[in-house]
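For reference, the structure is listed below as structure tokens.
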Amino acid sequence: MAISDLRREYEGQSLDEQDVARDPIEQFARWFEAAIQSSGFIEANAMTLATADASGRPDARTVLLKEFDERGFVFFTNYHSRKAQELAANPSVSLLFYWSGLNRQVRIDGSVEKISREETRAYFITRPRESQLAAWASPQSEVVANRAALEARYEEIAQRFANTPVIEPPDWWGGYRVVPEVIEFWQGRPARFHDRLRYTREADGSWLIERLAP
């Protein structure tokens, strides 16, 4: 089958200005809960994080949303990783959530800021111990000799913390918050005549809602 023949009809609820929340965070919460409740979404919090380096070269990867509120959307990573280096050079980012079973996607444009160490610790100590050890053991994004070298490093770290009941996060690991400036909600509709509503943050902190052509 040719790639051009791969198509399906989108069926979904309408997305109407009169029905959505005035605040995009509240609207996101509604859709996020629907994605969690929908069968087939094991990781409804999976999102694509798009960054660009100092020269403007783009990069994208999937990360997991761990918190969100009126301040923004939080994910965690190694501060020495490639993504962290790009964020240090250029804090402008985009997030993309795609929930295929609901024919919905959410695009978020904004900038990142590091969260506090207190917030990072509060999350880190809730992680499974194996994930805590992995955060200490992995030199994320660096070239390594082989898998065996990584596993040896993990075992070394496991031995170091064998008698430590509460493992603290490494100094080089923590959270970022994406502070949104624009949030777009996309609802797939028949005949590719989709619904798109865009929220743009105004100078006074309110949100302007506009409909975009599909």
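Computed from the coordinates by the stated procedures, all read-outs in this text should not be read as laboratory data. Owing to the predicted nature of the structure, the values given are computational and were not obtained by experimental measurement. Cβ sites come from the backbone with ideal geometry, for glycine too, and all protein chains shown count toward neighbours.
To the nearest 0.05, how large is the calculated FRET efficiency for SER38 and ARG192 if R₀ is 25 Å and r is the Cβ-Cβ distance?
0.65
Shape verdict for segment 22-73, please, from the Cα gyration tensor: rounded (a/c under 1.5), prolate (a/b greater than b/c) or oblate.
Judged from the Cα gyration tensor, segment 22-73 comes out oblate (a/c at least 1.5, b/c at or above a/b).
At most 13 other C-beta atoms within 10 Å and a DSSP loop state: those are the exposed trypsin sites (Lys or Arg not before Pro) I care about. Give me the longest piece of the chain that has none.
The longest such stretch corresponds to 23-214.
Based on the Cα atoms of segment 128-167, what semi-axes does the equivalent ellipsoid have, where each is the square root of 5 times one gyration tensor eigenvalue, given in whole Å with the largest first?
So the three semi-axes of segment 128-167 are 20, 11, 7 Å.
Rounded to the nearest 500, what is the chain's calculated 222 nm mean residue ellipticity when only DSSP H runs of at least 4 contribute -39500 (n - 2.57) each, over all residues?
That comes out to -7500 deg cm²/dmol.
What spacing in nm lies between the two simple spin-label points modelled at ALA158 and ASP53, each 7 Å away from Cα in the Cβ direction?
With each label placed 7 Å out from Cα toward Cβ, I get 3.5 nm.
Can you give the angle from 0 to 90° between the axis of helix 147-160 and the longest principal axis of the chain, with both taken from C-alpha atoms, to the nearest 10?
70
How high is the relative contact order of the chain? Use alpha-carbon pairs under 8 Å, at least six apart in sequence, and give a whole percent.
Relative contact order for the chain comes out at 25 percent.
For segment 200-214 and segment 89-151, write down the distance between their C-alpha centroids in whole Å.
29
Could you tell me the calculated FRET efficiency between GLU168 and ASP19, based on Cβ-Cβ distance and R0 = 45 angstrom, to the nearest 0.05?
0.50
Which FRET efficiency value, to the nearest 0.05, do you get for VAL179 and GLN140 by plugging their Cβ-Cβ distance into 1/(1 + (r/R0)^6) with R0 = 30 Å?
It comes out at approximately 0.80.
Using θ = phi - 60° and the Karplus form 6.51 cos²θ - 1.76 cosθ + 1.60, what ³J(HN,Hα) does each residue of segment 21-32 get, whole Hz, x for Gly and Pro?
Along segment 21-32, the couplings run 5, 6, 9, x, 5, 5, 5, 4, 4, 4, 5, 5 Hz.
Let me know the Rg and Dmax you get for the chain when you use only its Cα atoms, in Å.
Gyration radius and largest Cα-Cα distance of the chain: 19.9, 61 Å.
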